[in-house]
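The values are calculated or read from the model by the stated rules, or taken from the named source; none is laboratory data. These figures come from a predicted structure and were not determined experimentally. Because the Cβ atoms are built from the backbone with ideal geometry, glycine has one as well, and the counts that use them run over all protein chains shown.
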């Protein structure tokens with residue numbers, strides 16, 4: 001793709017409290033109709049709090065979708081399916097479409113609305129076991145992708161709280177620009193849950209009345225639910241398949257406020273940087289923006305600081321501003337998608353939505369938001385903001401089709417990508433590579449990570465406020481960085497986030513009947529807490545994103561960093577994989593066959609022909625740079641991700657990856673596989689090896705580090721260490737006992753349940 005190739009939107013879909021579909025949404029927006037009301041579909045003591053609840057039950061949504069499958073499904077996925085269906089139909093995408101398509105969904109709540117209902121059933125009986133695997137965010141994306149089987153080539157899930165869907169748009173654009181896919185389907189979905197309602201309530205930011213964004217007398221936000229998706233592709237590709245372009249994605253930016261987990265810095269630095277980057281990326285000037293669809297939650301902190309950030313950007317040329325959360329409530333992870341679709345409706349139907357409830361300006365603000373619907377107004381460029389917990393701030397700009405080619409900010413040229421360093425806390429000796437020659441051999445299905453002395457990294461007072469996974473992630477980040485400067489980006493993979501804190505908040509919510517809850521546990525349950533905590537410690541304002549897509553969470557993070565490095569957008573990135581195991585979650589997953597019973601020694605796992613594996617925890621950070629020195633571990637020479645490939649398609653992708661690097665299969669020194677002793681898991685790996693390189697030595701690592709959603713981080717780490725140390729020791733070899741000297745090229749393969757696959761090529 002060249003800088004003159006516009007990325008256009010060819011389909012959109014939406015469901016919120018305003019209704020189902022664009023037509024109903026448009027009608028109520030133009031009428032200035034507020035649809036905020038009491039909660040009907042959740043049994044909570046806070047049901048009287050005004051919210052933007054979708055006025056359809058789960059059963060009604062199933063009927064609308066003609067969903068008669070007896071398999072289980074969550075409300076988050078149902079909402080997503082409704083919006084996804086509308087977007088794909090408008091874009092003319094069906095099973096006959098032979099384009100390469102990515103599906104990227106933003107989500108934070110996952111299947112929580114089921115987990116909170118059945119939490120003690122999960123622990124104490126077997127009546128609700130089918131819902132255990134539906135808890136994580138990636139499960140919701142998988143369910144939606146399954147409905148549209150045959151469409152998608154890459155799928156992943158982004159979880160950066162309220163900016164999740166906006167960051168999905170950014171990744172989709174980068175995948176298109178890189179030529180990885182032809183089409184990106186992007187957005188987010190989120191349902192209301194007692195967990196979210198109570199969590200936000202502990203922060204004391206829920207308004208008991210309909211919210212009033214940017215009003216001096218505002219008292220907080222109204223939560224909402226919904227979903228929205230956009231279909232993006234180049235203008236040339238849209239013409240090729242005779243698709244109708246609606247508008248253009250002309251610019252986007254992401255930055256981190258690096259200030260506080262739930263509060264914005266007084267000068268709105270992250271918001272300012274995100275908007276500035278979006279303008280630079282588009283080639284537009286601030287005076288070119290005709291309307292801002294602001295984040296505007298109605299909270300005291302956000303609205304004041306977002307206003308300051310906008311004034312820093314636009315000065316006395318402030319365009320009309322409004323927050324459409326006054327219509328829909330705050331749909332959290334879906335908000336970036338919802339408000340992008342609303343912005344596109346405003347752009348194409350020539351109106352500006354009202355900022356409902358506004359009366360009095362905030363002291364110090366030099367602008368007044370639009371307090372009534374403005375119709376028949378020409379709009380060329382609209383900027384929309386989405387700001388999440390942890391200061392994860394993203395901005396997107398949508399432009400009319402007749403505005404010419406977009407002059408995207410020129411990249412500084414493609415860069416190589418090297419793994420400079422890495423640090424881990426795991427079942428092995430922490431923050432050390434002692435495992436390489438003298439590993440600990442776990443023998444039980446459940447093992448705790450070995451904790452280091454954290455006093456070197458933070459004070460005892462700070463430690464008391466942090467869950468154990470946050471401690472691990474911060475310590476590994478500091479060690480991986482060493483004396484290197486603050487990275488340009490922090491990109492995190494986590495399948496579950498700080499699950500220990502999630503469980504503490506959830507059990508207390510149930511046991512205490514929604515009373516006496518601690519906000520710290522809620523704040524740290526948000527998946528992007530890990531990446532934001534590291535950013536706050538480092539004062540890193542650069543790109544920040546978190547991926548929560550089950551067993552390929554880390555792989556998605558690595559791909560994002562690799563794409564941006566290759567595009568010349570960044571020169572360094574801290575990339576992490578972090579997941580913890582609790583006794584409660586271990587017990588739950590054990591009920592659905594995740595773990596072995598009894599002995600899990602390497603010999604047992606190697607010979608196993610049964611279900612289950614050894615559990616582990618993962619906290620690993622690695623530093624990627626665009627240059628190498630004497631201490632560099634290896635080069636990341638290429639990578640690819642695939643969704644539900646056949647063995648032949650996977651082999652072809654691996655051969656293509658090697659060919660791009662100027663290599664043949666015969667030149668591989670080893671292939672690293674996520675063999676775990678689980679019969680079904682291992683069969684996929686061995687079938688791939690036998691199809692691609694049956695005679696190539698096989699390296700395994702899960703007998704040392706265990707299985708977790710981010711275990712693949714150790715696969716890359718093990719491969720990098722073998723290259724750096726010029727040795728593959730015998731205890732890492734699966735099919736031979738003779739150590740291998742001077743390996744030069746290693747291919748890492750990871751998969752999760754034979755759905756999501758990654759291929760990562762490492763070289764000296």
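Residue 496 meets the conditions (1) under 30 Å from residue 604 (Cβ atoms); (2) touching a helix residue (DSSP H, G or I) at 6+ places or on another chain (Cβ under 7 Å); (3) in contact (Cβ under 8 Å) with a residue 24 or more places away in the chain in every case but one. The failed one is (2).
With the requirement that a residue be assigned to a strand (DSSP E or B) and either farther than 27 Å from residue 452 by Cβ or without any contact (Cβ under 8 Å) to a residue 40 or more places away in the chain (or both), what does segment 568-627 give you? Before the answer, list the steps.
Restricting attention to segment 568-627, the residues satisfying the condition of being assigned to a strand (DSSP E or B) are 572-579, 595, 610, 613, 615, 618-625.
If the condition is that a residue be assigned to a strand (DSSP E or B) and either farther than 27 Å from residue 452 by Cβ or without any contact (Cβ under 8 Å) to a residue 40 or more places away in the chain (or both), then 610 is the only one that fits.
For segment 25-39, which residues satisfy the criterion of being in a helix (DSSP H, G or I), out of contact with any strand residue (DSSP E or B) (no Cβ under 7 Å at 6 or more places or on another chain) and either within 30 Å of residue 182 (Cα to Cα) or touching a residue at least 60 places away in the same chain (Cβ under 8 Å) (or both)? Before you say what the answer is, go through the steps one by one.
The initial filter retains those residues of segment 25-39 that are in a helix (DSSP H, G or I), namely 25-31.
Of the ones still in play, those that are also out of contact with any strand residue (DSSP E or B) (no Cβ under 7 Å at 6 or more places or on another chain) are 26-27, 29, 31.
Matches in segment 25-39: 26, 29, 31.
For segment 219-254, the set of residues classified as surrounded by fewer than 24 Cβ atoms within 10 Å (Cβ to Cβ) and part of a loop (DSSP other than H, G, I, E, B) consists of 219, 220, 241, 242, 243, 244, 245, 246, listed by residue number. Residue count for segment 381-415 under the criterion of being at pLDDT below 65 and exposed (fewer than 14 other Cβ atoms within 10 Å of the Cβ): the result is 2.
Going through segment 317-366 one residue at a time, which ones are outside any helix (DSSP H, G or I) and under 23 Å from the mean Cα position of the chain (by Cα)? Step through it out loud before you land on a result.
Initially, segment 317-366 is screened for residues outside any helix (DSSP H, G or I), giving 317-324, 329-331, 350-366.
The answer is 329, 330, 331.
For segment 304-318, a residue qualifies if it is touching a residue at least 60 places away in the same chain (Cβ under 8 Å) and either under 25 Å from residue 375 (Cα atoms) or not assigned by TED's automatic domain parsing to the domain that holds residue 374 (or both), and exactly one does: 307.
With respect to the conditions (1) in contact with a helix residue (DSSP H, G or I) (Cβ under 7 Å, 6 or more places away or on another chain); (2) over 20 Å from residue 324 (Cβ atoms), residue 252 falls short on a single one, namely (2).
Is it the case that some residue within segment 269-284 is in contact with a helix residue (DSSP H, G or I) (Cβ under 7 Å, 6 or more places away or on another chain), closer than 20 Å to residue 315 by Cα and in a loop (DSSP other than H, G, I, E, B)? Don't jump to the end; show me each part of the working.
Here is the first cut: in segment 269-284, the residues in contact with a helix residue (DSSP H, G or I) (Cβ under 7 Å, 6 or more places away or on another chain) are 270-272, 275-276, 279.
Filter once more, keeping what is closer than 20 Å to residue 315 by Cα: 270-272, 275-276, 279.
Filter once more, so that each one left must be in a loop (DSSP other than H, G, I, E, B): none.
No - not one qualifying residue is present in segment 269-284.
When the strands (runs of 3 or more DSSP E) confined to segment 368-487 are screened for residues that are in contact with a strand residue (DSSP E or B) (Cβ under 9 Å, 6 or more places away or on another chain) and over 30 Å from residue 716 (Cα atoms), those reaching at least 2 such residues are found at 381-388, 392-399. Taken as a whole, the condition of being out of contact with any strand residue (DSSP E or B) (no Cβ under 9 Å at 6 or more places or on another chain) and either free of Cβ contacts under 8 Å to residues at least 60 places away in the same chain or surrounded by fewer than 22 Cβ atoms within 10 Å (Cβ to Cβ) (or both) applies to residue 691. A count restricted to segment 528-565 and to residues that are touching a helix residue (DSSP H, G or I) at 6+ places or on another chain (Cβ under 9 Å), part of a loop (DSSP other than H, G, I, E, B) and under 21 Å from residue 478 (Cβ atoms) stands at 4.
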